[in-house]
Structures are given as structure tokens and as C-alpha cells.
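Just below is one structure, and these are the notes that go with it.
The values are calculated or read from the model by the stated rules, or taken from the named source; none is laboratory data. Please read these numbers as outputs of a predicted model, since none were measured by experiment. Neighbour counts run over all protein chains shown; Cβ positions are idealised from the backbone, glycine included.
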Amino acid sequence: MNIIFTVIFTASAAVIAFTAPDRLLPSLLGGAENAVKMSLTLFCIYAVWLGVSRLAENSGLSRKIAGGLKPVTRRLFKTDSELASENLAMNLSCNLLGIGGASTPYALKAIDELEKEKNGYAQKLLFVINATSIQILPTTVIALRAGAGSASPADIFLPSLICTVISTATAVILFIAGSKIWRT
């Protein structure tokens, strides 16, 4: 992939150097400036949500959320581990709020617990759900759109909800059906 991007960048720079040499440096600097702004926006978004998730964990809210989602996680992921259920619940909660970066530590902790149970089914299902991830509130995308100067950054809400519900439901159904087929 790096080779492809290097070739595209080099070709683009060569074309602009020959056609409009006075625009090459401003274009490069503008792109770098936009990249730094976007990186800082993402950093701030993740810092806030990781802080909120840490507060939820320290205050015991994550245990309450896990308790509410425990019947769902136990049935869906076929696990009896209390710690795995709690981490699965926090992972799902972060994904529902559209903060996939904050959900990663919980997924890693859940996979570690599921590994102790030798529950490969749950590990694979967690991967499928994280790859598709229903987002009730796509906070990261809304923040990125706002940072990029969108006139109405929250317009992505309904299309995002529809697409992620359909993709997650389809992926989970196909995974469960496939796991039943290949077990027999």
C-alpha cells in the first residue's frame, strides 16, 4: 500500500510541478496543516471519551451497564465469565456511541478472558461485531465533520444508524449461520 501511495504522490507532485510550480509548496503545506488539525481533533475526541469510559469504570457504572447487558452478552457470546461480560458490555457501549477507539481496550480485555475460557466462537463474533459496529450516535464522524467545517455535521446520524444496523445484523446472522453449518 505504501508503494501505491508513494507512486500516486510522486506522480501528482511531478504533474503539479510542471503545470503549476507555484502551487506545489502551498498545496503540500495546506495538506500537512489539514492533517495536523484532523489528528488533533481525533486526539481530543478520544481523550474525552477514554476519560469518560475510565470514570464509568472507576465509579462502577461499567459494572451496572454490564449487569444490564449481561443477559444479552451471555446469550450472544455464550460466556459465563463475569469479567468477559463486563468488558464485552463496555466494548458494545463504546461502539454504540460511535467511539470505536475507546472500545478497543475493552475488546482486548474481553478477548483475553474469552481465551481463558477457550471460547473461540465468542472471539470471532466479537471481531465481527467490532468490524461492523452499530452506532446509535456516531460521535467521531460528527466531530470530524464539524472539524472539517461541515455546515450540518450531524446529518450523518440517520444514514449511519441505518447502515450500521443493517451491516451488523447481516454480519451476525451470517456468522451464526456459518458457524452452525461448519460445526456439523
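Determine whether VAL128 is of a type in the set (Val, Ile, Thr), assigned to a helix (DSSP H, G or I) and in contact with a helix residue (DSSP H, G or I) (Cβ under 6 Å, 6 or more places away or on another chain). Yes.
For region 137-153, filtering for residues that are surrounded by 15 or more Cβ atoms within 10 Å (Cβ to Cβ) and part of a helix (DSSP H, G or I) leaves 9. For region 19-44, the set of residues classified as closer than 11 Å to GLY147 by Cα and either of a type in the set (Lys, Arg) or outside any helix (DSSP H, G or I) (or both) consists of LYS37 only. Inspection of region 22-33 finds no residue satisfying the criterion of being touching a Cys at 6+ places or on another chain (Cβ under 8 Å) and either at pLDDT below 85 or of a type outside the set (D, E, K, R) (or both). For beta carbons closer than 8 Å, sequence separation of 6+ or different chains, a first residue in region 21-37 that is more than 17 Å from ALA11 (Cα to Cα) and a second that is modelled with pLDDT under 90 and part of a helix (DSSP H, G or I), the qualifying pairs are LYS37/GLY147.
Selection of first residues in region 158-172 that are of a type in the set (A, V, I, L, M) and of second residues that are in a helix (DSSP H, G or I) and surrounded by 12 or more Cβ atoms within 10 Å (Cβ to Cβ), restricted to Cβ pairs under 6 Å at least 6 apart or on distinct chains, gives the following pairs, ordered by first then second residue: ALA171/VAL128; ALA171/THR132. Checking each residue of region 66-75 against the condition of being more than 19 Å from the chain's Cα centre (by Cα), of a type in the set (Val, Ile, Thr) and surrounded by fewer than 17 Cβ atoms within 10 Å (Cβ to Cβ) gives at least one match. Of all residues in region 103-126, which are within 10 Å of ASN87 (Cβ to Cβ), of a type in the set (D, E, K, R) and without any contact (Cβ under 8 Å) to a residue 12 or more places away in the chain? Scanning region 103-126 gives a single hit, ASP112.
Taking the condition out of contact with any His (no Cβ under 8 Å at 6 or more places or on another chain) and closer than 24 Å to ILE166 by Cα, does SER103 pass? Answer is yes for this residue.
Here region 93-124 is the region considered, the condition is being touching a helix residue (DSSP H, G or I) at 6+ places or on another chain (Cβ under 6 Å), among the hydrophobic types (A, V, I, L, M, F, W, C) and part of a helix (DSSP H, G or I), and the residue that is surrounded by the fewest Cβ atoms within 10 Å (Cβ to Cβ) is ILE111.
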